[in-house]
Amino acid sequence: MSDDQANPIRVRGLRKQYGSSHTLRGVDLDVRPGEVFALLGPNGAGKTTTVEILEGVRRRTGGEVQVLGRDPAEDSPRWRARLGIVPQTTGAYTDLTVREVVEHFASFYPAPLPADQVIGMVGLGKQERKQAQTLSGGQLRRLDVAVGVVGDPDLIFLDEPTTGLDPEARAEAWDLVRYFADQGKTTVLTTHYLDEVEALAQRAAVIVAGAIVETGAVSELGGRREVPATVSFTATGGLSAAGLPELPPDTTVDARTDDVITLRTHGPTRALAALLPWAAEAGVGELRDLRVHRPTLEDVYLKLIRENQGELS
């Protein structure tokens, strides 16, 4: 079996068109077994359309799509039972208790997880006898997650899973994603919380105006490892008029204004090793306002959007 055939998701040239409007423009994706894969992009970029096509709830205009070895457009009941879907909007569970909701959805699957286990996993044990309509927004979101995973799926789609959750509930939701990853499940995550992506995902794709502009490891997206870091500090005391020491070859002075010195370097540790003795010799024990900044995921994500939004629209 080839790597492409083994991947839970394989997409080539995916297109979605409404009249003359192109929502998706030849999307290619590969999601590997057991990974948490994040799909990122601004509102209206095509994330939800892509996910809904993968889930088999929306038809594509063109391209090839394989999810768990099948075309989602065929929508086989046995195939669908292997998917876990947590949609963006909360469900309406009128007049049912938390336990009744979970047990109801569990009955749709051939080999569901025990309701007790799922209710406990999402942190709703104390609310299991409460009517779902009395839950808070965050508790309803947890119930959505429970409904999405009760079938013990092989592939899980999480669309904005922690929207509306407080920090403690978010942490619990993250633990749940990690739990399923440890079980070898594959997860596709869409979220606007980039700290969530860094905490959970191994790889990510950025979609802008219906096209994938970059796919790769989260730690390397947008060339993060190749982009130099900045080191800045305020030159106080004897440093204000002093020339800088000999710096590593990959370090340059980016700016020096109002005694604030900013360096760009691929080796911030080596740069600091040169600066600290220099400061000590001038009688300065601490470099005031010292900051070392490496490009964050947010930095490279926003840069990718800016560079591609006008070009693709």
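The values are calculated or read from the model by the stated rules, or taken from the named source; none is laboratory data. Keep in mind that what you see is a predicted model, and the values were worked out from it rather than measured. Cβ coordinates were reconstructed from backbone atoms using ideal geometry, including for glycine residues, and neighbour counts include every protein chain displayed. Accessible surface areas use protein heavy atoms only, side chains included; no ligands, DNA or RNA. Shrake-Rupley method; radii C 1.70, N 1.55, O 1.52, S 1.80 Å.
For the reader, a short list of remarks on this structure follows.
- Note on ALA255 and ARG129: their simple-model spin labels are 6.3 nm apart, each label 7 Å out from Cα toward Cβ.
- Paramagnetic label zone (point 7 Å from Cα along Cα-to-C-beta, GLU307; backbone N under 12 Å) in region 188-222: 213-215, 221-222
- Helical segments meeting 18 Å axial Cα length and Kyte-Doolittle 0.5 threshold in the chain (DSSP H): 268-281
- Dipole magnitude (debye, nearest 20) for region 229-293, charges at Cβ of Lys, Arg, Asp, Glu: 120 debye
- Cα centroid separation - region 270-313 against region 181-211, whole Å: 26 Å
- R0 of 45 Å, Cβ-Cβ distance SER136-THR61: FRET efficiency to nearest 0.05: 0.65
- Long-range amide H partners of GLU214 with built H, under 5 Å: VAL206
- Projecting the Cα atoms of LEU176, VAL118, THR236 onto the dipole axis of the chain, where Lys and Arg carry +1 and Asp and Glu carry -1 at the beta carbon, places VAL118 farthest toward the positive end.
- Where a label projected 7 Å from the Cα of THR94 along Cα→Cβ would reach, residues of region 119-143 with amide N under 18 Å: 131-135
- Here the accessible area of region 229-293 is 50 percent carbon and sulfur, with a 1.4 angstrom probe and all protein chains present.
- Whole-number percent relative contact order across region 229-293, with pairs defined as alpha carbons under 8 Å at least 6 apart: 50 percent
- Our note on the geometry: Cα centres of region 214-238 and region 1-77, 33 Å apart.
- Cβ charges +1 (Lys, Arg) and -1 (Asp, Glu), total dipole of the chain, debye: 660 debye
- Partner lysines for LYS185 [C-alpha distance under 26 Å; skip if fewer than 8 residues away on the same chain]: LYS47
- Placing a label point 7 Å from the Cα of GLN17 along the Cα-to-Cβ direction, the residues of region 55-79 with a backbone N closer than 19 Å are 58-65.
- Across the options THR187, THR265, GLY222, the greatest Cα extent toward the positive end of the charge dipole of the chain (unit charges at beta carbon of Lys, Arg, Asp, Glu) belongs to THR187.
- Which labelled figure in (1) 1.03; (2) 0.98; (3) 1.10 is Rg/Rh (Cα atoms, Kirkwood Rh), once derived from the coordinates: (3)
- Mean separation of Cα pairs under 8 Å and 6 or more residues apart, divided by the residue count, gives region 1-154 a relative contact order of 22 percent.
- For region 142-266: accessible area per residue (Å², 1.4 Å): 40 Å²
- Across the chain, the relative contact order, built from alpha-carbon pairs under 8 Å that are at least six residues apart, equals 18 percent.
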